[in-house]
1. Tell me, what is the 1.4 Å probe accessible area of residue 141, in Å² to the nearest 10?
2. Any lysines with Cα under 25 Å of the residue 36 Cα? List them, leaving off those in the same chain fewer than 8 positions away.
3. With angles folded into 0 to 90 degrees, how steeply does helix 101-115 sit against the dominant principal axis of the chain? Use alpha carbons for both and round to 10.
4. May I ask for the distance between the Cα centers of the stretch 64-90 and the stretch 150-222, given as a whole number of Å?
5. Under 30 Å Cα-Cα from residue 164, which lysines qualify once same-chain neighbours fewer than 8 residues away are excluded?
6. 5 Å is the cut-off here: which amide hydrogens, built 1.01 Å from N in the peptide plane, fall below it relative to residue 63, excluding neighbours closer than 5 in sequence?
7. What percentage of the solvent-accessible surface of the stretch 2-83, computed with a 1.4 Å probe over protein heavy atoms, is contributed by carbon and sulfur atoms?
8. How much accessible area per residue does the chain have, counting only protein heavy atoms and a probe of 1.4 Å, in square angstrom?
Amino acid sequence: MFTEIENIDTGVKYQIELPTKCPFCGVSLSPRIEGKLFRRPTKLCTDVFMYAYLILFCPNCDDIFYAKYTISGNGQSRRVAVYPVSKPKISLPTILRGKYPDFWEAYRQAVIAEANNLNPLCGMGYRRALEMLTKRHLIDHYDKTEAEIMKLDLAKCYNQLDDKEKALARGAAWLGNDYAHMENKHPDYDITDLKNFINSLALMVSAYLTAEEADKVPRAPR
Ligand SMILES: [Zn+2]
């Protein structure tokens, strides 16, 4: 939704796109502009003519959030940030958080990067999470030792997995590598595919962990 805002000091008006979702309650809405601030860049900057900051009010949850815009010399505006950053929703079984906190944290940070459209960062983050998950899985469920697995690169690790797990880890690794290198070797795939592969592998690993919990259920006395 585009709205006109005016810089009172100069009388110049700009069209800006308001955020469509509140970062607190997640509800789609039309936030109300409670305040605005315009500031010229202090450093020499080729394409940013002006910054605009808006204080926004969410009529659903009564909270206040902020949006930052850049305005170029021809008056074009671009929203570059909304604060606070939305809390990411992680749709993986929570048993993984307890068992593999390092994997969970890498994955969580990648989700935050993805929510902020930082695609190269989130691609590398998912790739890192994949490596942690694969190595933990090999150590815990394939009778490998930490000493032998931790020094191996990811390809040498996923090649030891069963066929279906290997396909998922390998696919995710290849797509993840595209975000770490200058050349994109798989232009027909995107971050959604990468995440799908990792999520499916994570579900398989979580089934192992859940089965271990199920194994601890004592037999009822006869
Ligand atoms: Zn809200």
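1. Rounded to the nearest 10, that gives 40 Å².
2. 13, 21, 68, 87
3. It works out to around 30 degrees.
4. The stretch 64-90 and the stretch 150-222 have Cα centres separated by 34 Å.
5. 89, 99, 135, 144, 151, 156, 185, 195, 216
6. When sequence neighbours closer than 5 places are left aside, the close amide H contacts are 58.
7. That share works out to 49 percent.
8. Spelled out: the 1.4 Å probe surface of the chain, per residue, equals 62 Å².
The values are calculated or read from the model by the stated rules, or taken from the named source; none is laboratory data. All figures in this text were calculated on a predicted structure; none of them were measured in a lab. Glycine gets a Cβ as well: all are built from the backbone with ideal geometry, and neighbour counts include every protein chain shown. The accessibility values were calculated without ligands, DNA or RNA, using every heavy atom of the protein model including side chains. Shrake-Rupley method; radii C 1.70, N 1.55, O 1.52, S 1.80 Å.
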